[in-house]
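This report concerns only the one structure given below.
The values are calculated or read from the model by the stated rules, or taken from the named source; none is laboratory data. This is a predicted model, so every value here is computed, not measured. For neighbour counting, all protein chains shown are included, and Cβ atoms are generated from backbone atoms with ideal geometry for every residue, glycine included. Just the protein is used for accessible areas: all its heavy atoms, side chains included, with ligands, DNA and RNA removed. Shrake-Rupley method; radii C 1.70, N 1.55, O 1.52, S 1.80 Å.
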Amino acid sequence: MQKIISVDVSGAVNKPNVYQLKEGSRIEEAISVAGGFSESVNKEYISKYLYMAQKLSDGSKVYVPAEGEPAPVGAGQGTVTGTVAQTKVNINTASQAELEALPGIGPVTASKIISGRPYQKTEDILNQKLISKSVY
């Protein structure tokens, strides 16, 4: 039996929503079920940074920026902007460098995360206001 994953597709797509896809689905399929790109899509961003062949994982978010919208944090750093990081990092054991490699996390925030350890659950870094909701 094929496992089903949930993927949040939003931004410059025709039908933003949370979709259920087969495990192993790729970004291209998520965009397709969301009705394709809207007319306002940032075509340059799509051609440079959106890896249409990247596999999705359960709970991923695919955000497609509109024309004129700044590229989200992490664009061009080997991650698909708008998706949940494909490599998970343990916030209780990750090094400064591993934390800084996450989209939206810089040296100061990584230091705050490290000094606030240990965490019972990942939401603790949000509840303690170590990162913003948009970065979380």
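Would you tell me the accessible area of Arg26, worked out with a 1.4 angstrom probe on the heavy atoms of the protein chains, in Å² to the nearest 10?
About 90 Å², ignoring ligands and nucleic acids.
Per residue Cα convex hull volume for the stretch 13-53, in cubic angstrom?
Per-residue hull volume (Cα only) is 64 Å³.
Enumerate lysine pairs in the stretch 1-65 that are 8 or more residues apart or on different chains, then count those whose Cα atoms are under 17 Å apart.
Working: Lys3/Lys22; Lys3/Lys55; Lys15/Lys61; Lys22/Lys55; Lys22/Lys61.
Lysine pairs, 8 or more places apart or on different chains, close enough: 5.
Just need log10 I(q)/I(0) for the chain at q = 0.11, 0.13, 0.16 Å⁻¹, Debye formula, equal scatterers on the alpha-carbon atoms, no solvent, rounded to two decimals.
Here log10 of I(q) over I(0) equals -0.44, -0.61, -0.87.
List the residues, sorted by chain then number, that are 5 or more residues from Gln54 or on another chain and whose placed amide H is less than 5 Å from its amide H.
Excluding prolines and chain starts, which carry no amide H, the hits are Ile27, Glu28.
Fully extended, how many nm does the chain gain between Glu67 and Lys22 (0.36 nm per residue separation, minus their Cα-Cα distance)?
Full extension from Glu67 to Lys22 adds 13.2 nm.
Let me know the charge dipole size of the chain about its Cα centre in debye, to the nearest 20, where only the beta-carbon of Lys, Arg (+1) and Asp, Glu (-1) is charged.
320 debye
Would you grab the residues whose amide H sits under 5 Å from the one on Ile105? Only those 5+ places off in sequence or on another chain, please, with H modelled 1.01 Å from N.
none
Using packing as a proxy for protection, rank 59-65, 100-106, 34-40 so that the peptide with the highest average count of other Cβ atoms within 10 Å comes first.
Peptide ranking by packing, descending: 59-65, 100-106, 34-40.
Collect residues whose amide H, placed 1.01 Å from N in the peptide plane, falls under 5 Å from the amide H of Ser60; neighbours closer than 5 in sequence don't count.
Here Asp8 satisfy the definition.
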